[in-house]
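Read the structure below first, then the notes.
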Amino acid sequence: MSYASTRELLSTRDWLRHSELVLRRIDEASSNLLKVDSAVRGYAIKGQTAYLATLERDGYLAQQAVSEAKNLTVDRPSLTTKLARLESMVKDRLSLVRQYIQVRKAKGLAAAAVLHKTEVTLKIREQITELEDSCRNQEQGVLAGREQRASASLRAAMVSFWSSTVAGLFLLGGFYLIAAKLLVAQRQLHLAEGRRANLAEDERDRFFSLSLDLLCISNADGYFKRVSPAFTRTLGWSVDQMLTRPFLDFVHPDDKVATKAEVDRQVQTGEEVLQFENRYSHLDGSWRTLSWRSVPQPGGMMYATARDVTENKRIARALDDKNRDLEQFAHVASHDLQEPLRMVASFMQLLEKKYKGQLDEQADRWIHHAVDGATRMQSLIQDLLTYSRLGSQDNECCACKMEEVIARSLQNLQLVVSESLADITMGPMPAVTGDKIQLISLFQNLIGNAIKYRGGSPPNIHISAERDGSDWLFSVRDNGIGIDPQFAERIFVIFQRLHTRKAYPGTGIGLALCKRIVERHGGCIRMESELGHGSIFLFNLPASDKEVGSNGAAFE
Amino acid sequence: MEQHLNRCVEILLVEDNPGDVELTTLALKEGKVSNHLSAVEDGIEALAFLRREGAYRDAPRPDLILLDLNLPRKDGRETLAEIRLDSEFCDIPVVILTTSESQLDIVESYKLKANCYIKKPVDLDHFMAIVRSIEDFWFTIVKLPARRD
């Protein structure tokens, strides 16, 4: 009894393996038939004979797999019959495929396409799928039955152990028990893992299909192994079309070399590609720019995702062009306007010089107004030029010690500082990343303003900086006449002024320049003030050390 | 040095703006060096002047050329290039005097072997001073080749 159940147990294990083999063969046949289909499509589109070899090989493998499955199921006639039918249908299918290839060879794609869609072809495909499913289901049923039997034989083994009174059998029984336990535990673990794996795979597939980004796996042979539906949505090509041509075929001729080099580099170094752009062809003949990120696998396989950045690039380019046009316009306009104005101003000045006092008082006054107007317009144009140059000239950004920057701007303001008896103090100053010339101009304008718009007492100006994340927040505080908060935004607009030229001369460019400088450094500027109580200008600039330190940690 | 001071120096101004011609004339009139200014309006005229073609049959050989860049017909760059290619005039110093501050113009002018590049100042007094300092530099400080007319 015990011996019999042991044998039963061992053979059950064999049978489980056996069933799995049958299922695997059916799957193999199915996947090889799919490969045949895609090779047919590849040939239909490109007409390359290389596809025919693949086709024959995969067709042969499919047939082999079915016939092996059939041979494995001789113990179950019903399944054998089904598999025999499957075998003959696969044969039919392959002969239809060969027929199709002949037509495609002789009469071209259009004629072949008709054949490809005939009822016979479609029906055979359908029936093959059905039969495959049915075989699979039946064998899975068998597998389940065998599993049950495996548990039953375990119970039998247990019974045989307990009912055994022969002490000599004790050891043997122990062996059975352990063997059976191991087998069942292993099988259960295997099943649970399988279920979990199935579920995870299912989830993965859903995300794969859902993703807006293009997801793919490519092989060392230069073909995509798998592409997500997003490829079709973005590039128009069907999944099969993408799988049956080397991926370099889709890459813009000018990007091929770089793409190949990037792929080779990745395969050789095993490094991830974090950002790589190239142009891919769209079915409609246009090019889409894709931005790639990929991880190499041993053996030349790659997992990659790409994003269509064509539109972003176009918009960015259009914006760049517009800005350049605008800057150019401002530059040209101000330059060309300056020329005739120089004439007006020069000759008015000449007139003033040569004939002052020789005409009457009114004439002198008129000449003065004309000279004044022309000179003012010249400063406006000069300022406009400076402003527009801020956009067109990018000096190199470097780590700037702000103490030096402020010292330089004070040097430039030396005269007004000493004339106004200004008291200028500053806290500890950090270093920021920026364009030194622009930063000097920024502080020069702000400190200059603080002195210019002073109240009755000598100006008292304090400059300080505090850490704000990866930035430094600077403040320039004064005790001047202050600004009505309702004008807090207007003061930063080019040529906007809050005072008459008589009270405070100037064109109204200073704060507009400051705003542009700060914004070009990625920061923003604002003003806090109360009329008559001084004002504070606050702005942030990027720290030259990017670590987020506590306040004062990065002072030098 | 004395040779320049002893005689009237010849200056050719290539400038299409009559205002600038007049201002330059005025400035030079008040200068220390006795000089004679001829003005032409564009590059074609300038080259004809140098080659003594047509109406310029009796034109003097200039000691210095003041050349604007933006000119009708043939601009200053082309004119400068042609002057430098002509073995007769390639040794005449050329001063670029223009309103342009573009780096492109500056670099190109020096590549074409301009002797110096000056931006016309906006302010009248400044302009006068610059013209006079051009005169001073080229005719009292610098040593030029001996005249060979």
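Projecting the Cα atoms of A:Ala318, A:Trp292, A:His252 onto the charge dipole of the stretch A:232-323, computed from C-beta unit charges around the Cα centre, puts A:Ala318 farthest toward the positive end. The long axis of helix A:361-392 is offset from the longest Cα principal axis of chain A by roughly 20 degrees.
Heavy-atom accessible surface, probe 1.4 Å, ligands and DNA/RNA ignored: which residues of the stretch B:106-124 lose at least 40 Å² versus the isolated chain? The answer is B:Val122, B:Leu124. Note on exposure: B:Cys90, B:Cys116 ranked by accessible area (1.4 Å probe, complete protein assembly) read B:Cys90, B:Cys116, with the most exposed listed first. For the stretch A:73-134, trypsin sites (Lys or Arg not before Pro) are listed when DSSP marks them as loop and at most 12 other Cβ atoms sit within 10 Å of their Cβ; the list is A:Lys117. When all alpha carbon pairs of the stretch B:1-82 are counted in 10 Å bins from zero, the resulting P(r) reads 18, 48, 30, 4 %. If you wrap the stretch A:359-433 in the convex hull of its Cα atoms and look at it from every side, the mean projected area works out to 8.4 nm². Taking chain B as a Gaussian network, Cα atoms linked when under 10 Å apart, which of B:Pro62, B:Pro121, B:Pro93 shows the biggest mean-square fluctuation? Maximum fluctuation in the GNM of chain B, among the listed residues, is at B:Pro121.
Out of every Cα-Cα pair that the stretch A:443-556 contains, those further apart than 19 angstrom amount to 48 percent. Taking all protein chains into account, the per residue accessible area for the protein assembly as shown stands at 55 Å² (1.4 Å probe). Per residue of peptide A:336-343, the mean number of Cβ atoms on other chains within 10 Å of the residue Cβ is 4. Of the whole protein surface, A:Glu277 contributes about 70 Å² of accessible area at a 1.4 Å probe radius.
Computed from Cα positions, the angle between helix A:510-520 and the longest principal axis of chain A comes to roughly 20 degrees. Across the protein chains, with a 1.4 Å probe defining accessible surface, the residues A:Leu109, A:Leu384, B:Leu64 rank A:Leu109, A:Leu384, B:Leu64 from largest area downward. Solvent-accessible area of A:Ile124, all protein chains in place: 20 Å² (probe radius 1.4 Å, heavy atoms, ligands and nucleic acids excluded). Across the options B:Leu104, A:Gln444, A:Phe539, the greatest Cα extent toward the positive end of the charge dipole of the protein assembly as shown (unit charges at beta carbon of Lys, Arg, Asp, Glu) belongs to A:Phe539.
Surface burial for B against A, with a 1.4 Å probe and both sides summed, reaches about 1300 Å² of accessible area.
Give me the percent of the accessible area of the stretch B:19-104 that comes from carbon and sulfur atoms, probe 1.4 Å, all protein chains in place. Numbers along the way, then the final one.
Values: 1910 of 3880 Å².
Whole-percent figure for carbon plus sulfur exposure: 49.
Here chain A is treated as a Stokes sphere of Kirkwood radius computed over C-alpha pairs; at 20 °C and 1.002 mPa s its diffusion coefficient rounds to 65 µm²/s.
In the stretch A:19-137, taking the dipole from charged Cβ atoms about the Cα centre, the farthest positive-side position among A:Thr80, A:Ala111, A:Ala53 is held by A:Ala111.
Considering only DSSP beta bridges where both residues belong to the stretch A:412-523, give the percentage that are antiparallel (nearest 5). Mind dumping the intermediate values first?
Numbers: 7 of 11 bridges.
Counting DSSP beta bridges with both partners in the stretch A:412-523, the antiparallel share is about 65 percent.
Each Lys and Arg adds +1 at its Cβ and each Asp and Glu adds -1 at its Cβ; summed about the Cα centre, the stretch A:306-402 shows a dipole of about 180 debye. Each Lys and Arg Cβ is given +1 and each Asp and Glu Cβ -1; about its Cα centre, the protein assembly as shown then shows a dipole of about 3680 debye.
Can you tell me what the convex hull of the Cα atoms of the stretch A:285-418 projects to on average, as an area in nm²?
Values: hull surface 70.6 nm².
Average of the hull's projected areas for the stretch A:285-418 equals 17.6 nm².
Here the contact order of the stretch B:29-149, divided by its residue count and restricted to Cα pairs under 8 Å and six or more residues apart, works out to 22 percent.
Placing +1 at every Lys and Arg Cβ and -1 at every Asp and Glu Cβ, with all other atoms neutral, what dipole size does the stretch A:379-519 have around its Cα centre, in debye to the nearest 20? Don't skip to the answer; put the middle values down first.
Working: 14 positive and 15 negative charges, 103 e Å.
Value, rounded to 20: 500 debye.
Here the accessible area of the stretch A:15-113 is 56 percent carbon and sulfur, with a 1.4 angstrom probe and all protein chains present.
Compute and list, largest first, the equivalent-ellipsoid semi-axes of the stretch A:406-472 from the alpha carbon gyration tensor, each √(5λ) rounded to a whole angstrom.
Details: eigenvalues 108, 39, 17 Å².
Result for the stretch A:406-472: semi-axes of 23, 14, 9 Å.
Any idea what angle helix A:310-355 forms with the longest principal axis of chain A, computed on alpha-carbon atoms, 0 to 90 degrees, nearest 10? That works out to roughly 10 degrees. In this view, the solvent-accessible surface of A:Thr232, computed with a 1.4 Å probe and all protein chains in place, comes to about 50 Å².
When only C-alpha pairs under 8 Å and at least 6 residues apart count, what is the relative contact order of the stretch A:402-472, in percent?
Details: 67 pairs, mean separation 32.2, N = 71.
Contact order relative to length: 45 percent.
Using the 2.2 N^0.38 Å rule of thumb for compact globular proteins, work out how chain B stacks up: its C-alpha Rg over that value, please. Could the numbers behind the result be given before it?
Details: Rg = 14.3 Å, N = 149, 2.2 N^0.38 = 14.7 Å.
That works out to 0.97 for chain B.
Please list A:Leu34, A:Leu351 from largest to smallest accessible area, probe radius 1.4 Å, with all protein chains kept in place. Walk me through the numbers before you get to the answer.
Numbers: A:Leu34 115, A:Leu351 70 Å².
These residues rank, largest area first, as A:Leu34, A:Leu351.
The values are calculated or read from the model by the stated rules, or taken from the named source; none is laboratory data. Predicted, not measured: the structure shown is a model, and the values here were computed from it. Here the Cβ is made from the backbone with ideal geometry for all residues, glycine too, and neighbour counts use every protein chain on show. Please note that ligands, DNA and RNA were not included when accessible areas were found on the heavy atoms of the full protein model with its side chains. Shrake-Rupley method; radii C 1.70, N 1.55, O 1.52, S 1.80 Å.
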